[in-house]
1. Looking at (1) open to solvent by less than 40 Å² (accessible area, probe 1.4 Å); (2) under 14 Å from Gly52 (Cα atoms), find the lone condition where Asn118 falls short.
2. So how many residues does segment 75-106 have that are of a type outside the set (Phe, Trp, Tyr) and more than 16 Å from the chain's Cα centre (by Cα)?
3. Could you look through segment 97-108, keep only residues that are in contact (Cβ under 8 Å) with a residue 12 or more places away in the chain and loosely packed, with under 12 Cβ neighbours inside 10 Å, and pick out the one that is nearest to Gly55 (Cα to Cα)?
4. Scan segment 38-56 residue by residue and report those that are within 11 Å of Ala28 (Cα to Cα), out of contact with any Ser or Thr (no Cβ under 8 Å at 6 or more places or on another chain) and not aliphatic (A, V, I, L, M).
5. Which pairs turn up if I take residues in segment 57-75 that are more than 10 Å from Arg94 (Cβ to Cβ) and in contact (Cβ under 8 Å) with a residue 40 or more places away in the chain and look for partners that are loosely packed, with under 15 Cβ neighbours inside 10 Å and among the hydrophobic types (A, V, I, L, M, F, W, C) with beta carbon separation below 6 Å, at least 6 apart in sequence or on another chain?
Amino acid sequence: MKKSLLIVPALLALCITLSGCAAAPSAAGQWGSPLKPNQPSLVLEESGVLTGTDGCNRMMGSWSQDGSDVTLKDVATTMMFCDGVDTWLSTATRAELEGDTLVFFNVNDAEVGELTKN
């Protein structure tokens, strides 16, 4: 009987430890709405392919995820001029996943914007 009483707290501690090590949700999916004109949107495919728009120019490249950190790699954009459009997404090099929000940062690690998951 005494051994079974010791097993319960040990199992509880193991469950708590393992739940703390759970993997972050995947950032794959549609971020922002591609139907809103002059607004950024991004698709992160499970395969690591990135496509989207900064609100003016088309974007393509790749991405990877480590926990809640998302790295944008080899991103290429078209170079059209769009008067009055804030093309902040084209300056992003990484993002942090915070629930249903991706917060984007530039090469200087300054926050440049965020998109919500659709």
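1. Going through (1) open to solvent by less than 40 Å² (accessible area, probe 1.4 Å); (2) under 14 Å from Gly52 (Cα atoms) one by one, Asn118 breaks only (1).
2. Going residue by residue through segment 75-106, those that are of a type outside the set (Phe, Trp, Tyr) are 75-80, 82-87, 89-103, 106.
In the following step, the residues that additionally are more than 16 Å from the chain's Cα centre (by Cα) were identified as 76-80, 82-87.
Residues meeting the conditions: 11.
3. Keep residues of segment 97-108 that are in contact (Cβ under 8 Å) with a residue 12 or more places away in the chain, which gives 97-98, 100-102, 104-107.
Still in the running and loosely packed, with under 12 Cβ neighbours inside 10 Å: 98, 107.
Details: Glu98: 22, Val107: 20 Å.
Among those residues, the one meeting the criterion is Val107.
4. The first filter runs over segment 38-56 and keeps only residues within 11 Å of Ala28 (Cα to Cα), leaving 42-50.
Then keep just the ones that are out of contact with any Ser or Thr (no Cβ under 8 Å at 6 or more places or on another chain); that gives 44, 47.
Ser47, the sole residue that qualifies.
5. So the pair list comes out as Gly67/Ala24; Ser68/Ala24.
The values are calculated or read from the model by the stated rules, or taken from the named source; none is laboratory data. All figures in this text were calculated on a predicted structure; none of them were measured in a lab. Note that each Cβ is placed from the backbone with ideal geometry, even for glycine, and that neighbours are counted across all protein chains shown. With ligands, DNA and RNA removed, areas are computed over all heavy atoms of the protein, side chains included. Shrake-Rupley method; radii C 1.70, N 1.55, O 1.52, S 1.80 Å.
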